[in-house]
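A quick write-up on the structure given underneath.
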Amino acid sequence: MGFTILPICTNCGYKTKSIAIGGGRLNHHTECGAPALNTESNEIEEINLYEYTKTTIIKKKFLYFFSKSISIVTKNEKYIPYYEPSMFTDDLEIGNHNWGNKCYKKSKNFCPKCKSYSIDFLDEGIWFD
Ligand SMILES: [Zn+2]
């Protein structure tokens with residue numbers, strides 16, 4: 001069962017709609033939600049980690065066989081998931097949201113609007129099935 005979080009910046013007030021982490025009982029083999037920064041629109045969005053991983057593999061194949069095929073590379077590298085170490089301040093005092101082997105900091109995440117590490121991932125307490 002997944003759960004939802006609500007990103008909100010304690011510095012500038014930026015927030016997004018709630019983001020699902022993980023997947024439900026019926027779709028957990030194909031859906032695994034995660035917060036990620038869209039570097040083109042400069043917004044925090046929900047991505048599907050299964051698609052994210054899959055496209056990374058395709059990208060490597062393309063690079064190996066066709067070294068000049070970059071359209072797929074560009075399209076998928078616009079997202080940076082929030083489990084990447086560059087997206088939060090590592091502070092052991094701060095709790096994590098865990099899903100599988102991924103964890104997300106409950107606060108001190110990178111804010112794309114004010115460029116500070118001030119985003120809290122509020123626990124919405126909503127578990128979905
Ligand atoms: Zn901010």
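Please treat every number below as a calculation from the coordinates, not as lab data. For clarity, every value in this text was computed on a predicted model and none was experimentally measured. A quick note on method: Cβ atoms are made from the backbone with ideal geometry, for glycine too, and the neighbour counts reach across all protein chains shown.
Length gained on full extension, Leu26 to Met1, computed as 0.36 nm times the residue gap minus the Cα-Cα distance: 8.1 nm.
Calculate the FRET efficiency for Ser86 and Glu40 from the Cβ-Cβ distance with a Förster distance of 25 Å, rounded to the nearest 0.05. It comes to 0.90. With 0.36 nm allotted per residue and the present C-alpha distance subtracted, the Ile126-Cys103 stretch has 6.5 nm of extension available.
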